[in-house]
Structure formats: structure tokens, C-alpha cells
Amino acid sequence: MKFANVEALRFTEYRRSDGADIDDDTEAVAADEGFRKNYYAFTSLAHDVESGRLFCGTTNFAGDLLHAVDPATGAFESMGYSAVAEPLEIKIHRSLCVGPDGRVYGATSALGGLNEMAESRGGRLFAFDPAAGTYDFLGAPAPHLYLQTISLDGQRGMIYGMAYPSFEFFAFSLARREVVYRRYVGSIAHIGAVDPAGGYWGTWLGRRGRHCLFRYDGPAGKMAFHDTAFPTACRNLMYRGAGPIDAMIDGGDGRLYVGHESGELFGLDWRTGRLEYLAKPMPGQRLAGLAARDDGLLIGVGGSDWATFGFAYDRKTGASEVLGGLVGAGGGPGCFRTHDCCLVGDHLFVGETDHPRRGCYLWRCTLG
């Protein structure tokens with residue numbers, strides 16, 4: 001299997017006037033009106049099977065944070081979040097899920113300083129009704145902080161997530177519309193996962209700076225702090241203070257699968273907390289996106305600084321292969337950094353982020 005075709009989908013062909021790092025120079029880039037309105041990065045993807053649309057959570061300093069794309073045509077439609085956005089809400093960062101009720105659940109994050117956050121409500125949880133085009137704001141589970149990632153347990157009506165820049169875990173009841181558990185853990189996964197028994201997995205900062213696993217038992221309302229850490233040390237390749245987990249999904253086969261910031265792939269037995277190294281399925285660092293297929297394949301993406309790839313890992317044989325680079329027609333510079341991926345039929349959609357010279361693209365890769 002390889003990428004038979006790779007296309008770059010975009011809102012506009014926006015070219016930046018400088019290459020400042022967005023995370024480190026937020027005030028300067030936000031003051032540029034062209035950047036504020038026209039720069040987009042694709043930071044969260046979720047496929048709505050019912051409607052067929054792919055929902056995209058983006059970074060945009062004008063608050064235009066949620067879009068839907070037709071997977072077949074590549075046509076985008078804004079979901080109008082800018083009309084309800086609060087001033088510091090500028091991205092949906094690994095925080096988008098489609099619930100069994102058909103609503104799109106999300107959470108907002110920011111790049112503001114601590115001084116700005118002190119005067120704000122903090123990141124909000126929302127549920128978007130695609131049929132009505134309306135937003136239902138569920139609450140701000142971590143006051144004065146922003147929400148970097150959420151995972152939905154639709155079966156049990158729970159949302160689990162992590163706050164930023166203080167790495168706090170929270171459990172939020174949808175029925176009660178309130179936080180039922182909250183704890184500082186000192187580490188953060190790019191995205192965690194919920195196992196079949198209702199346990200959320202993430203990382204906490206243990207002794208000697210080790211990023212160890214935790215499991216929050218949703219039905220019991222209790223946290224188990226495991227002493228298990230990844231054999232490959234964390235190097236903070238995602239952002240300052242973050243842990244090593246770049247991606248995590250439930251494979252539906254008794255394991256969670258974890259993409260490490262190093263580009264390595266691990267299996268996690270959710271019943272025991274045992275980690276197993278599986279493969280280094282592609283060159284380079286970062287493994288930001290994973291998707292599971294019914295035929296036993298894991299499809300994923302990773303890489304950084306224009307060296308970005310898709311890969312397939314066969315859970316039956318342990319074999320892996322690179323599907324191709326994320327480079328469009330003509331072979332010029334392609335995807336700068338991957339952030340999420342979503343499998344829709346024979347298309348793998350890849351969200352790009354942090355491009356220093358242009359607006360980011362949504363990459364549509366055809367598997368063949």
C-alpha cells in the first residue's frame with residue numbers, strides 16, 4: 001500500500017510576512033491583521049459518519065475555529081464559531097469528537113499569557129449541532145486555564161481532558177454539566193484515550209522527572225498512578241513541559257496504541273498497564289496521528305520540519321511500511337508538521353500546523 005495521490009486543500013493561499021514562531025511570538029503575529037484573519041492551522045479532525053462530513057478544528061486568531069469539509073470535493077464551510085468566540089479562544093487543539101447523539105463536541109484553547117488568562121473565563125467545552133447550526137456551551141472546566149485536549153466517552157456521558165498551561169486533568173459529566181474530578185498531574189498527553197471499561201489514560205510527572213502513565217477510572221471516579229514510563233525518554237519535542245504521548249487511540253483489540261514524540265509506536269494493555277514497543281514505522285520524530293482499520297492495519301502520520309510521512313503498521317504481523325511523503329503535485333516543499341489525521345474510506349486526511357511561511361493545509365491522501 002502507498003499514497004496513490006496527495007492533495008493540499010486550503011481556505012486561502014495566505015503567505016506570511018515573517019517566520020516568527022507563533023507560540024513564542026503571539027502578540028506580534030496577532031497584531032498583524034492579515035495574519036489574524038487569514039492564517040489557519042488544522043489542529044483537530046473528526047469524521048461524522050452520519051452526514052459524511054469531516055469536521056476540522058483550526059487555529060485562527062479571528063476565532064473562526066470550526067469548519068466542515070466534504071471529503072469528496074474538498075469544499076470547506078465555516079461553522080460560524082467567530083460569532084460566539086471569546087477574545088482569547090484561538091484554537092481547537094486535539095479537542096474534537098463526534099458523539100452518539102450526532103453533536104460535535106469540542107474545547108477551546110489559547111496562546112495568551114498568564115496575565116491575560118487571569119482575566120478570562122478559560123477554555124470552554126461546547127457541543128455543536130450540525131443540523132441546527134447552533135452551539136451549546138457546557139462550561140469552563142478549568143477556570144482561567146485553556147483546554148489542550150479532550151476525549152469523549154459517549155457511552156457514559158463523560159468528557160476527559162487536560163488544561164494548559166497548568167497541566168491539570170479533569171473529568172466532566174455531560175448530564176450534570178459539571179466537573180466531577182480535577183487534579184494537577186504535571187504532564188500532558190497531546191491526546192489521551194478512553195479504554196472499553198471507561199478508563200482514561202494519560203501521563204503524570206513522577207519522581208526524577210519521569211512521565212508515567214495514569215488511568216482515571218470513570219465509573220469509580222478514582223485515579224490510579226502507574227509507575228510505568230516509556231523506555232524512550234521524553235525530550236519535550238511537542239512543547240515545553242509536555243510529556244511523550246503524541247497520539248493515542250483504542251485499537252478495539254484489547255490494546256491502546258500510542259504514538260511517541262520520538263516517532264515510535266507502542267501498544268498499551270489497558271487491563272494491566274503494560275507497555276510494549278512495537279515499531280519505529282517511519283523516519284524522524286513525532287507521531288501525531290493514528291487511525292485503526294478493521295483489516296488489522298494502523299494508519300498514521302508524523303514527522304516535522306517538511307520531512308513528514310504516512311505509514312501503515314500491520315497488527316497481525318508487526319510489519320510496517322512508509323506510505324509516502326506529504327508532498328503535493330510538483331514535489332515542492334510539502335507539509336511542515338503533522339498534527340492529526342482521520343481516515344475516511346480510502347482517504348487519509350492530515351491536519352498541518354505551525355508552517356512558518358504560509359497558512360496550513362488539510363492534506364488529502366488517497367490510499368492505493
Quick check on my filter: what residues within the range 28-46 are of a type in the set (Gly, Ala, Ser) and either buried (at least 16 other Cβ atoms within 10 Å of the Cβ) or closer than 14 Å to ARG10 by Cα (or both)?
ALA30, ALA41, SER44, ALA46
Cβ contacts < 8 Å: first residue closer than 17 Å to GLU276 by Cβ, restricted to the range 209-232; second residue acidic (Asp, Glu) and part of a strand (DSSP E or B), any location; separation 6+ or different chain. Result?
CYS212/ASP227
Consider ARG124 carefully, then state whether it is crowded, with 17+ Cβ neighbours inside 10 Å and either of a type in the set (Lys, Arg) or not assigned by TED's automatic domain parsing to the domain that holds LEU213 (or both).
yes
Give me the pairs: first residue in the range 346-368 and in contact (Cβ under 8 Å) with a residue 24 or more places away in the chain, second residue assigned to a loop (DSSP other than H, G, I, E, B) and among the polar types (S, T, N, Q), beta-carbon distance under 9 Å, and six or more apart or on different chains, which are they?
GLY359/THR12; CYS360/THR353
Tell me whether the range 163-178 contains one or more residues that are of a type in the set (D, E, K, R), closer than 27 Å to ARG274 by Cα, in contact (Cβ under 8 Å) with a residue 40 or more places away in the chain and part of a strand (DSSP E or B).
no
What residue, of TYR184, TYR257, TYR200, is surrounded by fewer than 16 Cβ atoms within 10 Å (Cβ to Cβ), within 23 Å of ILE159 (Cβ to Cβ) and at pLDDT 95 or above?
TYR184
Sort out which residues of the range 258-282 are in a strand (DSSP E or B), of a type in the set (Gly, Ala, Ser) and within 25 Å of ALA197 (Cα to Cα), and write them in order of number.
GLY259, GLY267
Is it the case that the range 199-215 has a residue that's among the charged types (D, E, K, R), closer than 30 Å to ILE90 by Cβ and out of contact with any helix residue (DSSP H, G or I) (no Cβ under 6 Å at 6 or more places or on another chain)?
no
Single unsatisfied condition, THR232 versus (1) out of contact with any Leu (no Cβ under 7 Å at 6 or more places or on another chain); (2) within 25 Å of ALA163 (Cβ to Cβ); (3) of a type in the set (Ser, Thr, Tyr):
(2)
Residues of the range 127-154 classified as within 16 Å of the chain's Cα centre (by Cα) and hydrophobic (A, V, I, L, M, F, W, C), total:
3
Can you name the residue in the range 328-353 that is in a loop (DSSP other than H, G, I, E, B) and modelled with pLDDT of 95 or more and is also surrounded by the most Cβ atoms within 10 Å (Cβ to Cβ) among such residues?
CYS335
Can you give me the number of residues within the range 283-327 that are aliphatic (A, V, I, L, M), buried (at least 21 other Cβ atoms within 10 Å of the Cβ) and assigned to a loop (DSSP other than H, G, I, E, B)?
3
Suppose we filter the range 233-250 for residues that are touching a residue at least 40 places away in the same chain (Cβ under 8 Å) and either surrounded by 18 or more Cβ atoms within 10 Å (Cβ to Cβ) or basic (Lys, Arg) (or both); how many remain?
10
Those residues of the range 207-244 which are over 17 Å from SER151 (Cβ atoms), modelled with pLDDT of 95 or more and among the basic types (Lys, Arg) amount to ARG210, LYS222
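The values are calculated or read from the model by the stated rules, or taken from the named source; none is laboratory data. Every value quoted in this text rests on a predicted model; they were computed, and no experiment measured them. Quick reminder, even Gly has a Cβ in these numbers, built from the backbone with ideal geometry, and neighbours come from all protein chains shown.
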